[in-house]
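Visitor: One structure, as structure tokens, below. Some questions next.
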Amino acid sequence: MNDTILAGADCTTMIEVRHGVDQVDRELIALLARRFAYMDAAARIKPDRNAVRDEARKSQVIANARAAAEAAGLPVAAIGQLWDQLVEASIAYEMVAFDRR
């Protein structure tokens, strides 16, 4: 079996598509682990728990993601929703990290 991961445009079978999707999912998890490590750092650096939730920063992060999605030709609303969920999960994670310190 060939384990080469093809670009989406080069896939001709569903097996190739699924291998590509699985690889991207592994890469996304690795990137999320990096992102959540920054939440650990934020929890360590912020002076108090009330600083964990920053609505202005949340709006900025989501706006950045929406702009990048638009530039990439991706569905802006769906990406906005995903990033809202990601930021909320990050805030919840950071709260737990803050409480552990």
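The values are calculated or read from the model by the stated rules, or taken from the named source; none is laboratory data. If you're wondering where the values come from, they're calculated on a predicted model, not measured in any experiment. What goes into the accessible areas is simple: the full protein's heavy atoms, side chains included, and nothing from ligands, DNA or RNA. Shrake-Rupley method; radii C 1.70, N 1.55, O 1.52, S 1.80 Å.
Visitor: Mind ranking Glu16, Glu70 by accessible surface for me, highest first, 1.4 Å probe?
Guide: Values: Glu16 50, Glu70 135 Å².
Sorted descending by solvent-accessible area, the residues read Glu70, Glu16.
Visitor: Another question, if that's okay. Evaluate the relative contact order of the chain (contact order divided by residue number), counting alpha-carbon pairs under 8 angstrom at least 6 apart; express in whole percent.
Guide: Computed value for the chain: 29 percent relative contact order.
Visitor: What percent of all Cα-Cα pairs in the chain falls into each 10 Å bin, going from 0 up to the bin containing the maximum distance?
Guide: 14, 33, 30, 17, 7, 0
Visitor: Could you work out the helix-only [θ] at 222 nm for the chain, with each DSSP H run of four or more residues adding -39,500 (n - 2.57) and the total divided by the number of residues, to the nearest 500 deg cm²/dmol?
Guide: Values: 3 runs with 75 residues, N = 101.
Rounded to the nearest 500, it is -26500 deg cm²/dmol.
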